[in-house]
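The values are calculated or read from the model by the stated rules, or taken from the named source; none is laboratory data. What you see is a predicted model, and the numbers here were worked out from it, not measured in a lab. Glycine also receives a Cβ, built like all others from the backbone with ideal geometry; neighbour counts cover every protein chain displayed. Accessible surface areas use protein heavy atoms only, side chains included; no ligands, DNA or RNA. Shrake-Rupley method; radii C 1.70, N 1.55, O 1.52, S 1.80 Å.
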There are 2 protein chains.
Amino acid sequence: MPALDPDLTARLKRTPDGLVCAVVQQHDTLEVLMVGWMDDEALRRTLAEGRVTYWSRSRREYWRKGDTSGNVQWLKGLRLDCDGDALLVSVEQTGPACHTGTRSCFDGREVTA
Amino acid sequence: MPALDPDLTARLKRTPDGLVCAVVQQHDTLEVLMVGWMDDEALRRTLAEGRVTYWSRSRREYWRKGDTSGNVQWLKGLRLDCDGDALLVSVEQTGPACHTGTRSCFDGREVTA
């Protein structure tokens, strides 16, 4: 499998545990569906396979979205921000993105002052 | 100034350096403008003032968006995701969100496989 582009690797600015946050947006409606975490290998798999793979901070393992739930994320585009610490992942989301069953992980979770 | 709601504090799941990522979205167009980082105090200030404040990982200080650039972010809404490690901040963005002058920090920064 192809390695990650060294220019891209050099641009990533990681958290102390080696991760970049990945903001996932439905490509047509522009809903923000979820935020996941990627290390270099998760990013490499995502670009190579066209399906989105994350690193789970709680389970300490890779997970490819949809392998358990069926709610696959097909990669439509990927952008890295100006300072290299966040990815914007454009996807076609099958079914709900959230493990609780809501479309987005932010649905109905308003915080007030 | 009011303290942060203890229920909210308890729900936050922080990076090893005590931060939660904040995804910033223009409230009407739904563009993702940037990703910043908040600790509890930055979140408290954001909710109390109605203007978005971050913690700068590189400068090790708080910064309220627009104080230097004039490109203020007015808070329109704030949601915390299902597992408490990401905020979705809905804003009215004045001018460009990116310090490089682009509207979004992701504009023109496509990554390809």
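Tabulated data for the structure shown
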{"read-out": "A:Leu43 in a helix (DSSP H, G or I), of a type outside the set (Gly, Ala, Ser) and at pLDDT 95 or above", "value": "yes"}
{"read-out": "Given (1) in contact with a helix residue (DSSP H, G or I) (Cβ under 7 Å, 6 or more places away or on another chain); (2) part of a loop (DSSP other than H, G, I, E, B); (3) open to solvent by 30 Å² or more (accessible area, probe 1.4 Å), index of the condition A:Trp55 fails", "value": "(2)"}
{"read-out": "Matching option when the condition is in a strand (DSSP E or B) and either closer than 25 Å to B:Gly77 by Cα or in contact with a Ser or Thr (Cβ under 8 Å, 6 or more places away or on another chain) (or both), among A:Gly70, A:Gly36, A:Gly66", "value": "A:Gly36"}
{"read-out": "Candidates B:Arg45, B:Arg64, filtered to the one that is within 13 Å of chain A (Cβ to nearest Cβ) and either open to solvent by 10 Å² or more (accessible area, probe 1.4 Å) or in contact (Cβ under 8 Å) with a residue 40 or more places away in the chain (or both)", "value": "B:Arg45"}
{"read-out": "Some residue of the stretch A:87-105 being within 8 Å of chain B (Cβ to nearest Cβ), assigned to a loop (DSSP other than H, G, I, E, B), open to solvent by less than 40 Å² (accessible area, probe 1.4 Å) and touching a residue at least 12 places away in the same chain (Cβ under 8 Å)", "value": "yes"}
{"read-out": "Hits in the stretch A:46-65 (condition: closer than 27 Å to B:Val24 by Cβ and of a type outside the set (A, V, I, L, M, F, W, C))", "value": "A:Thr46, A:Arg51, A:Thr53, A:Tyr54, A:Ser56, A:Arg57, A:Ser58, A:Lys65"}
{"read-out": "Any hit, the stretch B:68-79, residues being open to solvent by less than 50 Å² (accessible area, probe 1.4 Å), within 12 Å of the chain's Cα centre (by Cα), at the interface with chain A (Cβ under 9 Å from one of its Cβ atoms) and among the aliphatic types (A, V, I, L, M)", "value": "yes"}
{"read-out": "Residue within the stretch B:79-94 that is farther than 26 Å from B:Ala10 by Cα, touching a Gly at 6+ places or on another chain (Cβ under 6 Å) and at pLDDT 95 or above present", "value": "no"}
